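Presented below is the structure to which this report refers.
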Amino acid sequence: MTAQFPVARPRRLRTTKALRAMVAETSLRPAELVLPVFVKEGIAEAQPIGSMPGVVQHSRDSLRKAAAEAAAAGVGGVIVFGVPEDKDDRGSEADAPDGVSQVAIADIRAEVGDDLVVMADLCLCEYTDHGHCGIVTAGGYVDNDRTLQRYASTAVAQAAAGAHMIAPSGMMDGQVGAIRKALDEAGYSAIPICAYSVKYASAFYGPFREAAEGAPRFGDRSTHQQDPANAVEALKEVELDLAEGADMVMVKPALSYLDVIRRVTDQVSVPVAAYQVSGEFAMVEAAAANGWVDRDKAIMETLTAIRRAGASVILTYWAAEVAQRLAG
Ligand code: PBG
């Protein structure tokens with residue numbers, strides 16, 4: 001006797017690769033991927049980063065080459081992290097006109113023009129000798145409002161160097177408003193802000209701190225970055241940043257916070273970016289190096305999951321590689 005049930009057989013739409021591709025709900029486009037790049041002042045050749053296989057601290061020359069390659073692959077943008085030679089307690093190099101990030105931004109613009117969106121990460125932790133994201137009080141607390149003045153001036157320096165978009169990542173209260181005001185007053189009212197609105201105090205930034213040489217010398221970032229236990233608070237952060245003029249918002253890290261990406265996406269009407277951070281990258285690379293996961297499949301699966309959660313822009317260290325794969 002022929003079985004009556006099940007009538008619905010979802011497996012019917014999974015029988016061939018072409019059929020699966022036809023009904024796929026989520027896809028990735030190279031233009032929505034952003035490549036984070038590190039550039040170190042004063043080095044002649046790119047230096048490998050131990051905890052991030054395949055990622056380097058760039059020299060000026062190798063950075064230009066990487067930017068050209070990313071543009072050729074169709075990557076949407078790059079986000080620039082500068083590593084200065086000299087650090088001090090106020091992060092003076094962050095807003096110096098000839099500071100490492102400004103030089104790198106100008107170099108990339110000279111190389112690729114408008115073919116990539118050149119984003120400037122804005123924080124002080126790579127520039128301060130103590131490794132904190134702002135001006136630290138005698139008691140060791142990051143002083144919110146004195147830090148805002150440094151961020152405002154850094155945003156203007158980055159825009160003057162040619163950044164297409166400013167991305168403040170320091171998690172100071174009021175940072176978007178302070179930067180918006182400074183940019184407008186300096187004649188950069190057309191430069192958008194992509195706010196790292198939702199940034200958790202995460203263990204997954206470990207490898208980045210080697211790459212950017214910005215680990216705090218004492219304490220941690222839990223008085224300004226968010227507690228991983230909280231999601232409603234993330235919506236509050238987003239609401240404030242939009243009220244202060246953010247054009248895009250970001251959730252970071254990505255994989256441990258897919259629920260937050262979804263909640264933010266459902267709530268706002270601006271593009272939502274998600275940052276697949278250094279620790280997420282390193283976990284897959286390390287497991288793959290041991291033969292424990294299929295590297296290429298794991299990469300595509302994580303990115304698809306972030307996209308499916310609702311992010312429309314993804315920052316990932318695999319951006320150039322994946323863009324090439326999508327094109328090929
Ligand atoms: C702060 C900043 C950090 C990252 C991006 N911007 C580090 C931190 O907050 O400690 C982390 C990115 C990553 O882990 O890939 N400038």
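The values are calculated or read from the model by the stated rules, or taken from the named source; none is laboratory data. Bear in mind the structure is a predicted one, so any value in this text is a computation, not a measurement. Glycine also receives a Cβ, built like all others from the backbone with ideal geometry; neighbour counts cover every protein chain displayed. For the accessible areas, the whole protein counts, side chains as well, though only heavy atoms, and no ligand, DNA or RNA atoms are used. Shrake-Rupley method; radii C 1.70, N 1.55, O 1.52, S 1.80 Å.
Observations, loosely collected:
- Selection from the range 176-216 of residues that are more than 13 Å from the ligand (Cβ to nearest atom) and among the basic types (Lys, Arg): Arg180, Lys181
- Single residue of the range 128-153 satisfying the filter (assigned to a loop (DSSP other than H, G, I, E, B) and touching a Cys at 6+ places or on another chain (Cβ under 8 Å)) that is surrounded by the fewest Cβ atoms within 10 Å (Cβ to Cβ): Gly131
Let's see how each residue does on (1) open to solvent by less than 20 Å² (accessible area, probe 1.4 Å); (2) in contact with a strand residue (DSSP E or B) (Cβ under 8 Å, 6 or more places away or on another chain):
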position: Arg64; (1), (2): no, no
position: Asp88; (1), (2): no, yes
position: Glu126; (1), (2): yes, yes
position: Ala155; (1), (2): yes, yes
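- Flag for Asp98 being more than 12 Å from the ligand (Cβ to nearest atom) and open to solvent by 20 Å² or more (accessible area, probe 1.4 Å): yes
For every residue, the table says whether it meets (1) in a strand (DSSP E or B); (2) in contact (Cβ under 8 Å) with a residue 40 or more places away in the chain; (3) under 23 Å from Val37 (Cα atoms).
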{"position": "Asp241", "(1), (2), (3)": "no, yes, no"}
{"position": "Ser256", "(1), (2), (3)": "no, yes, yes"}
{"position": "Glu285", "(1), (2), (3)": "no, yes, yes"}
{"position": "Ala298", "(1), (2), (3)": "no, no, yes"}
{"position": "Thr302", "(1), (2), (3)": "no, yes, yes"}
{"position": "Ile306", "(1), (2), (3)": "no, yes, yes"}
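Residues are listed down the side, and each one gets a yes or a no for (1) under 23 Å from Val100 (Cα atoms); (2) among the basic types (Lys, Arg); (3) modelled with pLDDT under 95:
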| residue | (1), (2), (3) |
| --- | --- |
| Ile179 | yes, no, no |
| Gly214 | yes, no, yes |
| His224 | no, no, yes |
| Ala231 | no, no, no |
| Glu239 | no, no, no |
| Ala243 | no, no, no |
| Ala246 | no, no, no |
| Ile261 | no, no, no |
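Matching residues to (1) away from the ligand (no atom under 15 Å from the Cβ); (2) touching a strand residue (DSSP E or B) at 6+ places or on another chain (Cβ under 6 Å):
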{"residue": "Asp296", "(1), (2)": "yes, no"}
{"residue": "Thr302", "(1), (2)": "no, no"}
{"residue": "Ala305", "(1), (2)": "yes, no"}
{"residue": "Leu315", "(1), (2)": "no, yes"}
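- Here is the figure for the range 163-204: residues that are in a helix (DSSP H, G or I) and either among the charged types (D, E, K, R) or open to solvent by 50 Å² or more (accessible area, probe 1.4 Å) (or both) total 6.
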